[in-house]
1. For the stretch C:462-485, give me each residue that is among the aliphatic types (A, V, I, L, M) and farther than 19 Å from residue C:54 by Cα.
2. Could you list all residues from the stretch C:276-318 that are outside any helix (DSSP H, G or I), more than 24 Å from residue C:487 (Cβ to Cβ) and either out of contact with any strand residue (DSSP E or B) (no Cβ under 8 Å at 6 or more places or on another chain) or among the charged types (D, E, K, R) (or both)?
3. Looking only at the stretch B:42-58, count how many residues are out of contact with any Asp or Glu (no Cβ under 6 Å at 6 or more places or on another chain) and more than 19 Å from residue B:201 (Cα to Cα).
4. Restricting attention to the stretch C:322-335, does a residue exist that is in contact with a strand residue (DSSP E or B) (Cβ under 7 Å, 6 or more places away or on another chain) and surrounded by 24 or more Cβ atoms within 10 Å (Cβ to Cβ)?
5. In the stretch A:123-161, what residues are more than 12 Å from chain C (Cβ to nearest Cβ) and either among the basic types (Lys, Arg) or in contact with a His (Cβ under 9 Å, 6 or more places away or on another chain) (or both)?
6. Which residue out of B:121, B:94 is free of Cβ contacts under 8 Å to residues at least 12 places away in the same chain and under 30 Å from residue A:42 (Cα atoms)?
7. What is the residue count in the stretch A:104-122 for residues that are more than 12 Å from every other protein chain (Cβ to nearest Cβ), under 18 Å from the mean Cα position of the chain (by Cα) and over 17 Å from residue A:259 (Cβ atoms)?
Amino acid sequence: MADFWMQSGWLIPAYGLVGAIATLPWSLGLVRRTGQRPAAYLNLVMTLLAFVHGVGAFRRVREYGSQELNWDWFQITDLTLHVSFELSRLSLGIVLLITGLSFLAQFFALGYLEKDWALGRFFGLMGFFEAAMSGVILSSSLFLSYSLLEMLTLSTYLLVGFWYAQPLVVTAARDAFLTKRIGDVLLLMGMIALSAFAGSLRFNDLYEWVKVADLAPLVATLLGVALIAGPTGKCAQFPLHLWLDEAMEGPNPASILRNSVVVTCGAYVLIRLQPIVVLSPIALDVLIGIGTITALGASLVALAQVDIKRTFSYSTSAYLGLVFIAVGTEWPGVALTILLTHAIAKALLFMSVGAIILTTNCQDLTELGGLSRKMPATTVAYITAGLGMVGIFPLGCFWGYTLGIDFFWQSQPALVAVFLLVNLLTALNLTRVFRLVFLGAAQPKSRRAPEVAWPMAVPMVTLVGVTLLVPLGMHQMDLLPPWRYINVTAFVLLIASGVAGVAIGAAMPLSQALARSTQKPLRILQDLLAYDFYTEKLYRLTVVGLVERLSLASSWFDRYIVDGVVNSIGLASLMGGESLKYSVSGRSQGYILTIVVGVGLLVLLTTWRMW
Amino acid sequence: MLPMTNTLSPNLVNDHPLQPFIERLLKAEALLPDTEINVLEVVGILKSYGVVLDAYAVNLKYIADHQFLLLFPFFKYFNGDITLNKLLKHWWHDRINYEYAEYCMRTMLWHGGGGLDAYLDSDEFQQNCDRAIQAKLKGNWLMQTLHRLFPDFLPEQVRQSAYYSGLGQFWTVMSEMFLTLSDLYDQQRITSIPEVVAHIKDGLVAAASLPITYSVEIRGDRHDLLPASAGLTFLMDTAVPYVEAVFFRGTPFLGTVSYNAQVQQISPDQSRFAYGALYADPVPVGGAGIPPTLLMQDMRHFLPDYLADYYRQGLRGDEDVRVQITQSFQKSMFCVTSAALQGLLPHPATTEVPAEQAANQAFLATWMDRLMSSRLAVVQLAER
Amino acid sequence: MMLSALILIPLVGTVIVSLWPHHRPAKEVGQVALLVQVLSLVGAIVVATRFDIQQPDLQFVESLPWIDALGLTYQLGVDGLSMPLLVINSLLGAIAVYASAATIQRPRLYFSLMLLINMAVAGAFLAQNLILFFIFYELELIPLYLLIAIWGGARRGYAATKFLIYTATSGILILGGFLGFVWLGGTGSFNYDATLAQSMTLWQQGTILIAILIGFGIKIPLFPFHTWLPDAHVEASTPVSVLLAGVLLKLGTYGIVRFGLQMLPDAWAFFAPWLAVWAVVSVLYGSLAAIAQTDMKKMVAYSSIGHMGYILLAAAAATPLAILGTVLQMVSHGLISGLLFLLVGIVYKTTGTRDLTVLRGLLNPERGLPLVGSLMILGVMASAGIPGMVGFISEFIVFRGSFLTFPVPTLLCMVGAGLTAVYFLLLVNRVFFGRLAIALPSDKVEPDVMLPPVAWRDRLPAIALALLIVVLGLQPHWLSRWSEVTTLAWRSPSVAIAQPPSTTPPSMAGFAPLPFTPDVTDD
């Protein structure tokens, strides 16, 4: 019984699923006379159980080492599909992060959604969401990971679509699903190919196979690109990044998770796939390319956003771009450090954003101001999250940045520049938003701004503590590099880039109206960034347009050519039109007679030789 | 908040698109057609609303008086009566959704308007507020530090408490008014919509100058936060801002309107908001992101039998009862609005003086402008 | 006699129902028909429980000489290919009868025709004699024609006649093919025999195969023989659509696998690359056409065309895994399309329209159809191949089984799987999301939308199918176990002509456009 916590590790994702199923009486409207809050409490308890179980297993994993739980889920001919989990310090650590943040986000939702009635559905989806996420992290088989990523796609669709009566939610949910689905289908193609080439889909077997694999370069490249497509969609990377912006139509507590741990799940799968992607150097370069474009592009786009949720969602894409770069350069340690520290800081940032939205009924940066004196928890949360996100020693994201810069120092100085630039732009954006929201004079919508109630403040303050304690925790888990490895120049450069960002952000003129500039070139640039390089229009003109045209063309072809030929031959009109018309009024005898005679004749005609 | 001045030239009057409604109001009729079913729906729903409002009002006043500046008001909905049984019911969500009352309170606070809002920004209030905060924080160095760091944090909470109390006092009056209405209907002393409106109008006029005051007791000392000397009164300082904030403006529902700043679906100017009770679409009620669902859910428990029967005769029976309640509620709110407008007319409706008639016309015309996009047209229909 | 019972039960039922006394209440007719269908479902389950899954060959064989001159023997048997289809036939048959309106016009005729279809399809799956199969295949045509022509929508005459002409053509071709088997094969017997074609030349086999492919291709249907299907679905009532999509189309795929793949192995292997291309065209064409549809039923119908293409792909690849995939896909398509048609039927019954351009917001919890909407989301997700439901594992097996043989066609078919998400998401988003509406917005002041409630009786069959879809998705082994041994035992002809098995790493050749033999066009 000593390793009960480990042996039953598969339960960790199951808790959330049980919670989700338990909400059905409320979400299906079977319980109508009383309210839906019990569903919320049930899910909070289940999440807490998952967290506690995770802690138990995490403590045992030191003693017993990593452990794999494996079931042959489906076995047929030469194909075996495994459901297998790996409980390692890393995976359990991330699971703790996920369940912990999920608990806090759900707690936060108790306050944020207190005037919403469909709590049963919301918390059910959150439970499902959490189950899928912890499953993805624990999974040690690509088949299971893929299946759970699809579950994430589905639950993202349903969570973004939570307020399904709102018109923009409708398109946002659709785009979130379809964009991720593009990545998923490509990943499925890669997985099918891998399964056919390598036999097993367990990661360990795949890693063994890679050593002996002998693929043609083109095949390897296609395979590599297909494999990274899934995470590209999940992590909102260029060119599949559009959905995250739109997904901000969803409820904020879900946005907290979406911007922190959901993207982490996608990136984690990428890290697990990386030893397979290395088969193709081109695919690795593609990763670096995608990461660089997204990191820089999204950082710039974030600067031009007027919507408080969207500006930070682009920043999520940017950070995940850094992760992609780290994976592409085969530094998974850097990737993980950025992932985990970013997740905590970004979750806190989104909690703060949620508090602002609830209090002011407004997401527009230009209509806010002067909140800092009235909302202590929110302000402190924002500042802490901001510090945690940029490379400020010794808080979280500093370490990811410094490790990355250190590793690229010799070989890829261009990437050092990317890291520094992203840090600078992030600091600048955070400062800009801080000035707009918290400083300055109050505007009509932020004039009366009592701080949020405790169900929202408590998770926020808790997470402030966690963010501040991250370096300590990293030290405890030996995740911090020893002092002597710290590259002093890199250290100084990193701090300097952050300070420069803050300084520019503090000094730049901020017209509250954020009016479009009167200078034409500047205005064009502003619009270009504000509308995300017009990616949506680009999609509309290319992929969406193509599918639309093709579908209309096939439909037209079907109606006028395929069907038209048949009808013009006159077969249908001959029989259907005249001879049978009179009997349509309901005299079935006529029909039967015609059919029987007709079929009989046919049979007779074709078998006449036999008689 | 109310435009009291006549800005229209006299020769432009009497051709408002909603002129028939202006004339109805001047004839002491209502914005809602006078039919038997409408009377049944309006009185029945106001009966249930009266019960719910009473519960809301009691709780709002309790929170204002007894949960003053508590950071963790765990039991704020218990009204001081904490038993295991009540706790279990609370957790099972078998209770009044007081969250809705707080939502209305916050909406009112956010939109502001009226004397209460103005008083909360006065120096006198600031001083009273400071004294109360100091008394409350005595010996609590942690909170004192926080207060020093964020000097507007606690005063803002006190302003909120003032609104808790103010709305509670307003609803206490309204609740009694609605319950009396129901009694009169049961005794068949009220049988038509104009009578309903007259009852509400008389009630509003009678209560118009009731003082709105608020004080809290801290360690045995009473601290006046809204003293009687501030001269805040029922009609102009709570009723009118309430009608403005909740009936007309409201807040955009997350379930139907996008908050996305870039698409600008929400006006930057709050006075142009039209998300209130007179505009709301009943069909999405019961779904996600529609706060009034909470109110409708509360009212379903207190429907008089005749109204519950009427609902059950609908095509969907009990299944869409919250939508049906919303429809009736909207009708009743048009009656309350009728009463309020009649009560606020600058001159008696029956006046013969042309200048006064013109002023009345202009007054109603400005309100009708705002009702153009409301559900006024739909509540005229006879079908469900 | 066990298998004969599966034919006799609905046959006797047909007689009872059609002769049910006229003075009895009309609703009893439906109840009796349901009882018969449940009995036949129980019968199918009994057969399934006695079925030995370790045995690759035909089981429970019954044989009676009938008309010697015709080579017609009453010979029945069941193997791993037909076993799951038999159960699905009885299950969807029962659901179709249950889902029929209690107030239907002329219930005696209606329900006896329903039972007749059940009997004919069971017979066709059980038949082990070509002529016997043909008789059942033709027998099913008449009741279906009548069901569309009498109880159909406004253009029922046109749709029914079109269906009749197409299917009759299909019948002629199939009969021609069958006759060819015997004439060219040189045996006097029409009994199924995998060695029947051994003595034929490739040219002879090919000729027969073309007749059979087009014959069954009409039934499946495959592009370009599909246009009867959308029309038939649109005009057919909901229960008939469920039967048509869930069961009758499977006769086509069953025929292709049984008579093409199994009985004409050499020609099959020869044509396989072309069949894979045909599958791709069908999949993409069906999916793309589905996107442009504005009638919910038409959209589901075109989606069927796309999804049936996967079966052709897998049959063309003909690896053991792929053949198993055909069975899984047949069953899962039966369940999923059955569910979708039931749900579309409920929407139509409640709102009076299926038009995607006017329906909005049906998820509305008070006045909409929230449960139907939730089931619809589940159904379309299953159809789009979301894991956890039976559609995913079937498609996975199909693609995995076909990949090494036909890499490019397989990948293209997977694009079709992606397109499924597109059109079905459009459907769900338009019809179920947004503000509730069943007509275009107008300037007129109208009362709020009011829809009649959906009875639990109507929801029940959909819930049952949804549960089945999820359970089989989580435990696919419960489905695959019936066919595993049978499909494994089949020799897999095209493996020889195509790619080496999975042990050797594939080379670039695997990604060359198509691995067909160069001299194909010369023939």
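The values are calculated or read from the model by the stated rules, or taken from the named source; none is laboratory data. Note that the structure is predicted; figures quoted are calculated from it, not measured. Positions of Cβ are backbone-derived with ideal geometry, glycine not excepted, and every protein chain shown enters the neighbour counts.
1. Kept after step one, since they are among the aliphatic types (A, V, I, L, M), are these residues of the stretch C:462-485: C:462-472, C:474, C:479, C:485.
C:462, C:463, C:464, C:465, C:466, C:467, C:468, C:469, C:470, C:471, C:472, C:474 - these are the residues of the stretch C:462-485 that are among the aliphatic types (A, V, I, L, M) and farther than 19 Å from residue C:54 by Cα.
2. Restricting attention to the stretch C:276-318, the residues satisfying the condition of being outside any helix (DSSP H, G or I) are C:292-295, C:318.
From what's left, more than 24 Å from residue C:487 (Cβ to Cβ): C:292-295.
C:292, C:293, C:295 - these are the residues of the stretch C:276-318 that are outside any helix (DSSP H, G or I), more than 24 Å from residue C:487 (Cβ to Cβ) and either out of contact with any strand residue (DSSP E or B) (no Cβ under 8 Å at 6 or more places or on another chain) or among the charged types (D, E, K, R) (or both).
3. First pass over the stretch B:42-58, keeping only residues out of contact with any Asp or Glu (no Cβ under 6 Å at 6 or more places or on another chain): B:42-51, B:53-58.
Those left that are additionally more than 19 Å from residue B:201 (Cα to Cα): B:48, B:51, B:54-58.
Residues meeting the conditions: 7.
4. Step one: of the stretch C:322-335, the residues in contact with a strand residue (DSSP E or B) (Cβ under 7 Å, 6 or more places away or on another chain) are C:324.
Going one step further and asking which of them are surrounded by 24 or more Cβ atoms within 10 Å (Cβ to Cβ), we end up with C:324.
Within the stretch C:322-335 (the criterion being in contact with a strand residue (DSSP E or B) (Cβ under 7 Å, 6 or more places away or on another chain) and surrounded by 24 or more Cβ atoms within 10 Å (Cβ to Cβ)), the answer is yes, since at least one residue qualifies.
5. A:140, A:141
6. Details: B:121 fails: under 30 Å from residue A:42 (Cα atoms).
Unique residue meeting the criteria: B:94.
7. Residues of the stretch A:104-122 that are more than 12 Å from every other protein chain (Cβ to nearest Cβ), as a first pass: A:104-109.
Right, trim to under 18 Å from the mean Cα position of the chain (by Cα) and you get A:105-106.
Right, trim to over 17 Å from residue A:259 (Cβ atoms) and you get none.
Count: 0.
Each row is one residue, and each column tells you yes or no for (1) out of contact with any Lys or Arg (no Cβ under 8 Å at 6 or more places or on another chain); (2) within 19 Å of residue C:1 (Cα to Cα); (3) at pLDDT 90 or above.
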site	(1), (2), (3)
C:39	yes, yes, yes
C:46	yes, yes, yes
C:56	yes, no, no
C:73	yes, yes, no
C:83	yes, yes, yes
C:94	yes, no, yes
